[in-house]
Amino acid sequence: MIKLDKEYSNQLDGLRFIDLFSGIGAFRLALESFKAECVFSADIDKYATQTYDLNFHSNSRCDIKDVDAKDIPHHDILCAGFPCQSFSIAGKQEGFKDVRGTLFFDIIRIIKEHKPKIVFLENVSNLKQHDKGKTFKIIKKLLRDENYNIYSEVLNASDFGIPQSRKRIYLICIRKDIDNYKFKFPRPLNKITSLRDILLPDKYCSDFILEKEYQLDESKVRKYNKKMNKPLRVGIVNKGAQGDRIYSDYGHAITLSATSGGNGSKTGLYYINENVRKLHPRETARLMGFPENYKFNESVTQAHKQFGNSIVVDVLQYITCEIINAGCI
């Protein structure tokens, strides 16, 4: 998380938001840092809600399809990292044919009831290309029909001080009667970072060291001796399929994933202090912008899955700063 300047730290004080498909709380961490109040959160995943509720002392587990929109408290901002599996290039890309994709219509029915000032959405970058752009056109039409102007952009966490290559599309939908057309997405910070900046001491990571044989390209290991804002591949395990590629800690992490396999499943493999290893859950938490006091799931598998499914808090904060700068809320 970024530490906010005083001019931003209480700018959303008095505003209320809801956290749909809340996962482990990235949106909540981001908006609460501006003093906004979360009045409703919902997710169906048993383990994600356990982690969310542990950290926020809430009761977030429910199926949003079973919730009457009238029973949701009034709110100024609707946040939703709506389920992306049906739109992801890693899946079958069923879109609205997939029941997870149809959950977007639950966002619309809540918007119809409450007409929040801002609808703040996140999804995989492939959303725009899915079904030759038809899915994204439907999403925009549904939002425009509810009288929202839509601003969308693909942002990479690598450009915002986070050493992880993670491209996601963000949609800021501003109710037309309050939009002044001044909103712009944040620009890259041009800050050089690397995985080395977020690593734990080796003594905490012995359980994550790869014991199998691997191949390093020593010329690349020697070459990559300064920080660079991109993943730097230096070796492979087996034939080097996805999950079996090794990267330098002078570069950025590859995109954390909830589902990827191989020896580096979910986190990737990295050459760190003459060992090849996966990442510790605390390191993945840092790569998603979660604070040091955030409590993650005791199961390493669940922790990695949950962070891989989440949203980078810092990026959400930078976007929120621009919403404030635009003066439309």
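Of the residues making up region 110-139, those that are of a type outside the set (A, V, I, L, M), under 17 Å from Asp19 (Cβ atoms) and assigned to a helix (DSSP H, G or I) number 2. Looking only at residues that are under 24 Å from the mean Cα position of the chain (by Cα) and either outside the structural domain of Tyr270 (by TED's automatic domain parsing) or not basic (Lys, Arg) (or both) in region 206-241, which one is nearest to Leu279 (Cα to Cα)? The extreme case among them is Phe208. Considering only residues in region 40-57 that are outside any helix (DSSP H, G or I) and touching a Gly at 6+ places or on another chain (Cβ under 9 Å), the one that is surrounded by the most Cβ atoms within 10 Å (Cβ to Cβ) turns out to be Ser41.
Here is the figure for region 248-264: residues that are over 16 Å from Ile162 (Cα atoms) and either at pLDDT 95 or above or not hydroxyl-bearing (Ser, Thr, Tyr) (or both) total 5.
Taking Lys266 as the residue in question, decide whether it is among the basic types (Lys, Arg), crowded, with 22+ Cβ neighbours inside 10 Å, touching a His at 6+ places or on another chain (Cβ under 8 Å) and not in a helix (DSSP H, G or I).
When the stated conditions are applied, Lys266 passes them.
Just checking, does region 288-310 include any residue being surrounded by 20 or more Cβ atoms within 10 Å (Cβ to Cβ), outside the structural domain of Ser165 (by TED's automatic domain parsing) and in contact with a strand residue (DSSP E or B) (Cβ under 7 Å, 6 or more places away or on another chain)? No, region 288-310 contains no residue that is surrounded by 20 or more Cβ atoms within 10 Å (Cβ to Cβ), outside the structural domain of Ser165 (by TED's automatic domain parsing) and in contact with a strand residue (DSSP E or B) (Cβ under 7 Å, 6 or more places away or on another chain).
Of all residues in region 242-260, none are within 18 Å of the chain's Cα centre (by Cα) and among the charged types (D, E, K, R).
Checked against the criterion of being at pLDDT below 95, small (Gly, Ala, Ser) and touching a helix residue (DSSP H, G or I) at 6+ places or on another chain (Cβ under 8 Å), region 266-285 contains not a single residue that satisfies it.
Given the condition under 21 Å from the mean Cα position of the chain (by Cα) and among the polar types (S, T, N, Q), answer yes or no: does some residue in region 100-120 qualify? For region 100-120, residues under 21 Å from the mean Cα position of the chain (by Cα) and among the polar types (S, T, N, Q): present.
Ile18: surrounded by 22 or more Cβ atoms within 10 Å (Cβ to Cβ) and either in contact with a Leu (Cβ under 7 Å, 6 or more places away or on another chain) or without any contact (Cβ under 8 Å) to a residue 24 or more places away in the chain (or both), yes or no?
yes
The values are calculated or read from the model by the stated rules, or taken from the named source; none is laboratory data. Keep in mind that this is a model prediction, so the values were computed, not measured. Counting neighbours? That spans all protein chains shown, and the Cβs are built from the backbone with ideal geometry, glycine included.
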